[in-house]
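Quick notes on the structure that follows.
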Amino acid sequence: MPYNFGNINTAVVGAADVKPGHSDIALFAPLADFTVIQKPATWAAAGDFKKINTAHTFPALKGFSQLKAKSGAVRQEGSAAVGEKGGLVPNYQYIITIKGHSAVIEEWLEQVMNEDGIWLFNDPTCGVNYYVQLGSECNPAQVSAYTSKSGSRNDGGVREYEITIQSADKYWYAGAVTVKA
């Protein structure tokens with residue numbers, strides 16, 4: 001059945017979240033940690049193919065791990081269509097900059113590099129739980145780039161890491177979020 005293209009008008013654009021960026025906390029869970037990974041429900045209205053309203057579930061002691069990013073340094077960037085004409089798919093990219101330098105941070109980032117998973121990025125408005133989900137069971141998100149820099153002793157700056165996460169699946173997640181203790 002072909003998609004029923006509706007109008008993207010002032011009412012639709014005006015209702016969209018227009019505040020830039022995301023919360024400074026990114027959430028990650030490896031695919032292996034989920035009991036159930038939810039999918040969008042059956043299409044009934046515009047946008048339903050992109051919405052997940054039911055909570056993902058985890059066994060006891062599992063859930064999303066929190067990654068504290070540098071203030072204002074979680075962003076979607078460089079997303080583009082990939083493939084050939086007639087077979088294009090999106091390639092969404094999120095970049096996270098992590099301030100600090102320690103064995104714990106570096107080990108966490110090195111371990112997540114080759115892990116298939118799901119990432120959640122929250123709304124930039126404090127207290128609003130409105131997430132963008134990157135990755136799915138069928139097309140998990142993966143780290144595609146990793147860099148570190150130390151800053152300069154004479155010029156200032158801080159030690160930090162930057163990772164890029166990619167997936168062709170991106171959703172708006174409104175289910176409850178289970179966070180590891």
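Some notes on this structure:
- For segment 102-181, trypsin sites (Lys or Arg not before Pro) meeting the loop criterion (DSSP other than H, G, I, E, B) and having at most 14 other Cβ atoms within 10 Å: 153, 159, 180.
- Selection from 126, 47, 136, by position along the positive dipole direction of the chain (Cβ): 126
- Here residue 70 is the anchor, and the aspartates and glutamates within straight C-alpha reach of less than 13 Å, apart from those fewer than 8 places off in the same chain, are 24, 160, 162.
- Correct option for Kirkwood radius over Cα pairs in Å [calculated from the coordinates] among [x] 17.8; [y] 17.2; [z] 21.8: [x]
- Violating pairs (Cα-Cα greater than 24 angstrom) within the set 99/180; 149/180; 62/170; 68/170: 149/180
- From its DSSP helices (H runs of at least four residues, each -39,500 (n - 2.57)), the chain gives a residue-normalised ellipticity at 222 nm of -2500 deg cm²/dmol.
- For the chain, the longest principal axis of the C-alpha atoms and the axis of helix 103-112 are separated by about 30°.
- Sorted by Cβ density within 10 Å, fewest first, the residues 67, 88: 88, 67
Since every read-out is calculated from the coordinates, none of them should be taken as a lab result. All of these numbers come straight from a predicted model, not from anything done at the bench. Counting neighbours? That spans all protein chains shown, and the Cβs are built from the backbone with ideal geometry, glycine included.
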